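See below for the structure under consideration.
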Amino acid sequence: MVSNPDLVVGEDGLARPVWAASDPLLREYYDHEWGVPVRDETGLFERVTLEAFQSGLSWRTVLAKRPAFREVFHGFDPEAVAAMDERDVERLLGDARIIRNRRKIEATVTNARATVALREDGGLADLVWSFMPSSTPHPDRFADVPTTSDESRALSRELKRRGFVFVGPTTMYALMEAIGMVDTHLVGSHRRGTSGVWT
């Protein structure tokens, strides 16, 4: 029996955080994707992009639009996105299926070009994972979950140095959570400790 008000036990007997307990889209994402390690370039570029689009919005909004994002950004192939130009940006600004924010769309193209450039120096995945911390939080409540860390601040600085934009420390901490670099599943959640990264 879970007594934590930040966790809800579903009809399947599994404990999930309140945000993932009722909405089918969020529950599916929580159960199968959030916190699962991502170590390939395309997967990381997609998540960097989606975290940037999420800034100031709900994650559900971004998640609902992800199929359209994948379509318009060529399956998040960095080379294809890097080749996009101002005409593509204008076209996307007229596409109601995505979040129509010029700065974020332009940032995606900028970050694609920076991702391609990083290939000469180990690649995006190696760079991001080189900032993995030596320990992970063990939050009981939402209030215990950090929003930044020394590592997310350092990762943010390095990515900016490499030409990336919309990669602030809070956004990078959210990325680290999403790709399993830290495990911020609440203690008691059925997903806690399932990433294979942290025991």
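Data overview
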quantity: Qualifying residue in region 176-198 (condition: under 27 Å from Leu118 (Cα atoms), of a type in the set (Ser, Thr, Tyr), assigned to a loop (DSSP other than H, G, I, E, B) and open to solvent by 10 Å² or more (accessible area, probe 1.4 Å)); calculated: yes
quantity: Residue list for region 149-167, filter: open to solvent by 20 Å² or more (accessible area, probe 1.4 Å), closer than 23 Å to Ala82 by Cβ and either in a helix (DSSP H, G or I) or not β-branched (Val, Ile, Thr) (or both); calculated: Arg157, Glu158, Lys160, Arg161, Arg162, Gly163, Phe166
quantity: Residue match in region 10-17 (condition: more than 15 Å from the chain's Cα centre (by Cα) and open to solvent by 80 Å² or more (accessible area, probe 1.4 Å)); calculated: yes
quantity: Residue within region 104-126 that is of a type in the set (S, T, N, Q) and outside any helix (DSSP H, G or I) present; calculated: no
quantity: Matching residues, region 115-155, being touching a helix residue (DSSP H, G or I) at 6+ places or on another chain (Cβ under 8 Å), over 25 Å from Pro17 (Cβ atoms) and small (Gly, Ala, Ser); calculated: Gly123, Ala125
quantity: Only listed residue being hydrophobic (A, V, I, L, M, F, W, C), within 22 Å of Met181 (Cβ to Cβ) and modelled with pLDDT of 95 or more, chosen from Ala64, Ala82, Ala52; calculated: Ala52
quantity: Residues being closer than 16 Å to Arg47 by Cβ, open to solvent by 50 Å² or more (accessible area, probe 1.4 Å) and of a type in the set (A, V, I, L, M, F, W, C) - total across region 110-148; calculated: 1
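The values are calculated or read from the model by the stated rules, or taken from the named source; none is laboratory data. If you're wondering where the values come from, they're calculated on a predicted model, not measured in any experiment. Neighbour counts run over all protein chains shown; Cβ positions are idealised from the backbone, glycine included. For the accessible areas, the whole protein counts, side chains as well, though only heavy atoms, and no ligand, DNA or RNA atoms are used. Shrake-Rupley method; radii C 1.70, N 1.55, O 1.52, S 1.80 Å.
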